[in-house]
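Take a look at the structure set out below.
The values are calculated or read from the model by the stated rules, or taken from the named source; none is laboratory data. Predicted model only: the values in this text are computed from it and were never measured. Cβ placement follows ideal geometry from the backbone for every residue including glycine, while neighbour counts extend to all protein chains displayed. Side chains included, ligands, DNA and RNA excluded: accessible areas come from the protein's heavy atoms. Shrake-Rupley method; radii C 1.70, N 1.55, O 1.52, S 1.80 Å.
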Amino acid sequence: MRLDPLRDDADFDALYAIQSDPAVCRYLLYDARSAEEVAAALERDSAKTRLERVGDYLQPAIRLRDADDLLIGTMYFHLTSVDDRTAEIGWLVSPRFQGQGYARECAEVLLDLAFGELDLHRVYAELDPRNTASVRVCERLGMRREAHLVEHMWLKGEWTDTGTYGILEREWRV
């Protein structure tokens with residue numbers, strides 16, 4: 001497994017297969033995407049290469065080294081506060097590769113970056129608490145459940161809860 005930038009044309013088919021799957025998008029803020037929506041997201045996200053200002057984010061590809069660099073998912077790392085040294089982390093993995101530790105392994109790489117080179121204080125993940133696979137990833141990373149907001153947002157025709165998991169620099173790799 002490795003993380004590297006999204007590639008506009010080369011990654012389209014694999015990313016479309018993931019982001020157009022309604023089951024994959026069940027707990028995301030967006031519905032299954034059309035080919036046009038995936039192309040626009042790929043163009044936008046592949047151009048994001050810096051973490052300097054609030055709102056900057058990276059969305060690197062998760063690739064399998066032994067499978068011709070096959071894209072199996074993406075990570076998300078968003079700088080939410082420079083003053084408070086805080087970022088948000090997330091992941092999206094193809095159903096075919098879920099449950100094999102790829103999200104956790106990639107999140108560890110980003111947390112090492114966050115608490116090392118970037119000198120951040122706190123990293124958090126926001127998710128739908130019904131997404132038990134993502135909850136398990138957070139727990140395996142040593143993130144603690146910080147909040148469970150009940151019926152926090154109207155999304156996809158229903159009230160949904162939001163869970164927040166977080167970890168501080170001093171807690172990472174203790």
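So, V82, is that one under 17 Å from the mean Cα position of the chain (by Cα) and either among the hydrophobic types (A, V, I, L, M, F, W, C) or under 25 Å from R130 (Cβ atoms) (or both) or not? Against the criterion (under 17 Å from the mean Cα position of the chain (by Cα) and either among the hydrophobic types (A, V, I, L, M, F, W, C) or under 25 Å from R130 (Cβ atoms) (or both)), V82 does not qualify. So, of the residues in segment 47-76 that are buried (at least 18 other Cβ atoms within 10 Å of the Cβ) and touching a Pro at 6+ places or on another chain (Cβ under 8 Å), which turns out to be nearest to R122 (Cα to Cα)? The selected residue is M75.
Of the residues A125, A133, A114, the single one that is part of a helix (DSSP H, G or I), open to solvent by less than 70 Å² (accessible area, probe 1.4 Å), under 21 Å from R26 (Cα atoms) and in contact (Cβ under 8 Å) with a residue 24 or more places away in the chain is A133.
Please work out which residue is farthest from I62 (Cα to Cα), limiting yourself to segment 32-46 and to residues that are open to solvent by 30 Å² or more (accessible area, probe 1.4 Å) and part of a helix (DSSP H, G or I). Don't jump to the end; show me each part of the working.
Step one: filter segment 32-46 for residues open to solvent by 30 Å² or more (accessible area, probe 1.4 Å), giving 32-37, 39-40, 43-44.
In the following step, the residues that additionally are part of a helix (DSSP H, G or I) were identified as 35-37, 39-40, 43-44.
Numbers: A35: 20, E36: 22, E37: 20, A39: 18, A40: 19, E43: 17, R44: 17 Å.
Looking at residues that are open to solvent by 30 Å² or more (accessible area, probe 1.4 Å) and part of a helix (DSSP H, G or I), I get E36.
Okay, residues lined up against (1) closer than 22 Å to E108 by Cβ; (2) touching a Leu at 6+ places or on another chain (Cβ under 9 Å):
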position	(1), (2)
L6	yes, yes
P22	no, no
A41	no, yes
T49	yes, yes
G55	no, yes
R65	yes, no
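Going through (1) more than 18 Å from E171 (Cα to Cα); (2) touching a Ser or Thr at 6+ places or on another chain (Cβ under 7 Å); (3) assigned to a loop (DSSP other than H, G, I, E, B) one by one, L120 falls short only on (1). Looking at L29, L15, just one residue is in a helix (DSSP H, G or I), more than 24 Å from G116 (Cα to Cα) and touching a residue at least 24 places away in the same chain (Cβ under 8 Å), and that residue is L15.
Of all residues in segment 136-174, those being touching an Asp or Glu at 6+ places or on another chain (Cβ under 7 Å), surrounded by fewer than 17 Cβ atoms within 10 Å (Cβ to Cβ), assigned to a strand (DSSP E or B) and in contact (Cβ under 8 Å) with a residue 12 or more places away in the chain number 4.
Is there a residue in segment 56-68 that is touching a strand residue (DSSP E or B) at 6+ places or on another chain (Cβ under 9 Å), more than 27 Å from R130 (Cα to Cα), without any contact (Cβ under 8 Å) to a residue 60 or more places away in the chain and not in a loop (DSSP other than H, G, I, E, B)?
Start the filter on segment 56-68 by keeping residues that are touching a strand residue (DSSP E or B) at 6+ places or on another chain (Cβ under 9 Å), which leaves 56-65.
Filter once more, keeping what is more than 27 Å from R130 (Cα to Cα): 56, 64-65.
Next cut, without any contact (Cβ under 8 Å) to a residue 60 or more places away in the chain only: 56.
When the remaining residues are screened for being not in a loop (DSSP other than H, G, I, E, B), the result is none.
No, because not a single residue in segment 56-68 is touching a strand residue (DSSP E or B) at 6+ places or on another chain (Cβ under 9 Å), more than 27 Å from R130 (Cα to Cα), without any contact (Cβ under 8 Å) to a residue 60 or more places away in the chain and not in a loop (DSSP other than H, G, I, E, B).
I'd like to check something: does segment 88-99 contain any residue that is out of contact with any His (no Cβ under 6 Å at 6 or more places or on another chain), free of Cβ contacts under 8 Å to residues at least 12 places away in the same chain and either closer than 23 Å to I18 by Cβ or of a type in the set (A, V, I, L, M) (or both)? So that I can check it myself, show each step before the final result.
Kept after step one, since they are out of contact with any His (no Cβ under 6 Å at 6 or more places or on another chain), are these residues of segment 88-99: 89-99.
Those left that are additionally free of Cβ contacts under 8 Å to residues at least 12 places away in the same chain: none.
Within segment 88-99, not a single residue is out of contact with any His (no Cβ under 6 Å at 6 or more places or on another chain), free of Cβ contacts under 8 Å to residues at least 12 places away in the same chain and either closer than 23 Å to I18 by Cβ or of a type in the set (A, V, I, L, M) (or both).
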